[in-house]
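> Structure in structure tokens, see below.
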Amino acid sequence: MAYNFETVGKRYHTGSRKWNELLASGVREDEDIIPFSVADMEFETAPEIVTAIKEEVEHYVLGYANPTQEYLDTVCRWMRERHGWDARPEWILPEHGIVDAFFNAVKIFTQPGEGVMLMTPVYYPMYRAVNDNSRVLVDCPLVYKGDRYEIDFADFERKAADENTKLLILCSPHNPIGRVWRRDELEHIAEICLKHHVLVLSDEIHFDLVMPGHRHIVYASLSEEAANNCIVCTAPSKTFNLAGLQTSNIFVPNPALREQYMAGLKRGNPNPKCNILGYRACEAAYKHSAPWLEQAIRVIDTNRKLVADFMAREFPQVQVIDLEATYLLWMNWRGLGLDSRELERINHQEARLFFDEGYIFGAQGDGFERWNLACPTRYIREALERMKTAYKKYVK
Ligand SMILES: Cc1ncc(COP(=O)(O)O)c(C=O)c1O
């Protein structure tokens, strides 16, 4: 089936945060531009998901709902068939979102004053999960190698070995740098974390959005020891653009950790549960929408290539980081010699380009831009033309 990835409606006045920010930046509704910031997609929802939601609304009562056995089995089948991971239905705990999950895990598995490791630059709410809960940020900066990032394992182990360090929030694949961690890298992380008793929360929300030639490895599939020392956070929300349905699947293979997690969840809410339409949408997506996902990845990869080729040709000063996964392209614009606030101003006011500014991902992101590529290709082409025109006077 050929799906529509070419046209999409504007989301003004729908409550979309991304589009509200666009309006707040002074964009007029009659300008034919779209935002390239917050990580949701400007693609129509897969029709199989729309059908499932319609059927639910038309035929059933929208009361309280727990996941059905069919739902749990379907989620596990997705893990097995797509990711080669044999997960069990009873490992799954409900969370509305992955941000909720890592905020909760910080509160449940660490105490105020204890250390939480982040591999930076990283998805900005992870800093808040640490700082807003009075935990200590254990910063493990990734090493920037020009077109990709690597882990400094000596530094990582030194920080994990500190007795105060209790938790690693791993972003896998990593947002914003677009890395898919290789098996040897994940095994090294697991070895260090096991040796130094650091629990691992692996945020794998981008796990299905892997570019051709790369393969995601679920952290818990590394070994039984790794599985028993981790929480794996998954969701259909990035894969199928269902974030608004607030349904995530948190896997905790170790029964003692699972009990501790569930008890912690229940302290905040005696009946943790997700959204009935979210359950139906996730089930339909995992059962029927893999072909939609394959096509979405092809469009994202086409958009990636367009931007990378354009930058290499027109703006060799801008370094495009290899995109191995996610639809979020990380680019180093420092070579243009402009201050990051000036970059933001030119992009907004002159080029009418609305990215996520790199500095929100931590100090190492200053002078970088994150470009959300999940949109019809024509918007990417037009954006590149606007960039070319706007930057003429700034580039020698
Ligand atoms: C790494 C990562 N984790 C979590 C989220 C958001 O998760 P949720 O909407 O399920 O809270 C995002 C969204 O961009 C993300 O990139």
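> Where Lys and Arg each count +1 and Asp and Glu each count -1, what net charge lies around ILE380 among other residues with Cβ under 15 Å from its Cβ? Kindly include the intermediate steps, with their values, before the conclusion.
Values: positive: ARG298, ARG304, LYS305, ARG313, ARG352, ARG370, ARG378, ARG381, ARG386, LYS388; negative: GLU6, ASP32, GLU42, ASP301, ASP309, GLU314, GLU369, GLU382, GLU385.
Neighbourhood net charge equals +1.
> Based on DSSP H runs of at least 4 residues, each adding -39500 (n - 2.57), what is the mean residue ellipticity at 222 nm of the chain after dividing by all its residues, to the nearest 500 deg cm²/dmol? If you can, show how the numbers build up before the last one.
Numbers: 13 runs with 154 residues, N = 396.
The helix contribution divided over the chain gives -12000 deg cm²/dmol.
> Roughly how many whole Å is it from the C-alpha centroid of segment 52-120 to that of segment 243-271?
8
> With a 1.4 Å probe and every protein chain left in place, work out the accessible area per residue of the chain in Å², rounded to a whole number. The partial results should precede the final answer.
Details: 16530 Å² over 396 residues.
Spelled out: the 1.4 Å probe surface of the chain, per residue, equals 42 Å².
> Which lysines, on any chain, are close to LYS396 with Cα under 22 Å apart, when same-chain ones fewer than 8 places away are left out?
Cα-Cα hits under 22 Å: LYS388.
> For a quick check of your reading of the filter: which chymotrypsin sites (Phe, Trp or Tyr not before Pro) in segment 4-109 sit in a DSSP loop and have no more than 12 other Cβ atoms within 10 Å?
Passing sites in segment 4-109 are TYR12, TYR60, TYR64.
> Multiplying the sequence separation of ASP309 and TYR64 by 0.36 nm and subtracting their Cα-Cα distance, what value in nm do you get? Don't skip to the answer; put the middle values down first.
Working: separation 245, 0.36 × 245 = 88.20 nm, distance 5.02 nm.
Roughly 83.2 nm would be gained on extension.
> Under 1.5 on a/c is rounded, so check that first for segment 94-133, then, if it is not, pick prolate when a/b is larger than b/c and oblate when it is not; a ≥ b ≥ c are the square roots of the alpha carbon gyration tensor eigenvalues.
Details: a/c = 2.05, a/b = 1.08, b/c = 1.89.
Oblate shape, in that a/c is at least 1.5 and b/c is the bigger or equal ratio.
> Any idea how far the Cα center of segment 143-162 sits from the one of segment 176-199, in Å?
When both Cα centres are located, 10 Å separates them.
> State the percent of C-alpha pairs, over all pairs in the chain, separated by a distance greater than 27 angstrom. Present the calculation step by step, with values, prior to reporting the outcome.
Numbers: 39453 of 78210 pairs.
Value for the chain (Cα pairs over 27 Å): 50 percent.
> Turning to a different aspect of this structure: Tell me, in nm to one decimal, what length is gained between GLU259 and TYR12 on full extension, where the rule is 0.36 nm per residue of separation less the Cα-Cα distance? Before the final figure, lay out each step's value.
Values: separation 247, 0.36 × 247 = 88.92 nm, distance 4.28 nm.
Fully extending the segment from GLU259 to TYR12 adds 84.6 nm.
> Tally Lys/Arg at +1 and Asp/Glu at -1 over every other residue whose Cβ is under 14 Å from the Cβ of PHE153; what's the total?
On the way: positive: ARG158, LYS159, ARG182, LYS195; negative: GLU150, ASP152, ASP155, GLU157, ASP184, GLU185, GLU187, GLU191.
Around PHE153, the surrounding residues sum to -4.
> Rounded, prolate or oblate: which fits segment 1-130, taking a ≥ b ≥ c as square roots of the Cα gyration tensor eigenvalues, rounded meaning a/c under 1.5, else prolate when a/b beats b/c?
Numbers: a/c = 1.93, a/b = 1.11, b/c = 1.73.
Verdict is oblate for segment 1-130.
> Assuming a strict under-17 Å limit between Cα atoms, what lysine pair count do you get for segment 63-288 once near-sequence pairs (fewer than 8 apart, same chain) are dropped? Mind dumping the intermediate values first?
On the way: LYS107/LYS166; LYS107/LYS266; LYS159/LYS195; LYS166/LYS195; LYS238/LYS287.
Summing the qualifying lysine pairs gives 5.
The values are calculated or read from the model by the stated rules, or taken from the named source; none is laboratory data. Keep in mind that this is a model prediction, so the values were computed, not measured. Glycine also receives a Cβ, built like all others from the backbone with ideal geometry; neighbour counts cover every protein chain displayed. Areas reflect the complete protein model, heavy atoms only, side chains present, ligands, DNA and RNA absent. Shrake-Rupley method; radii C 1.70, N 1.55, O 1.52, S 1.80 Å.
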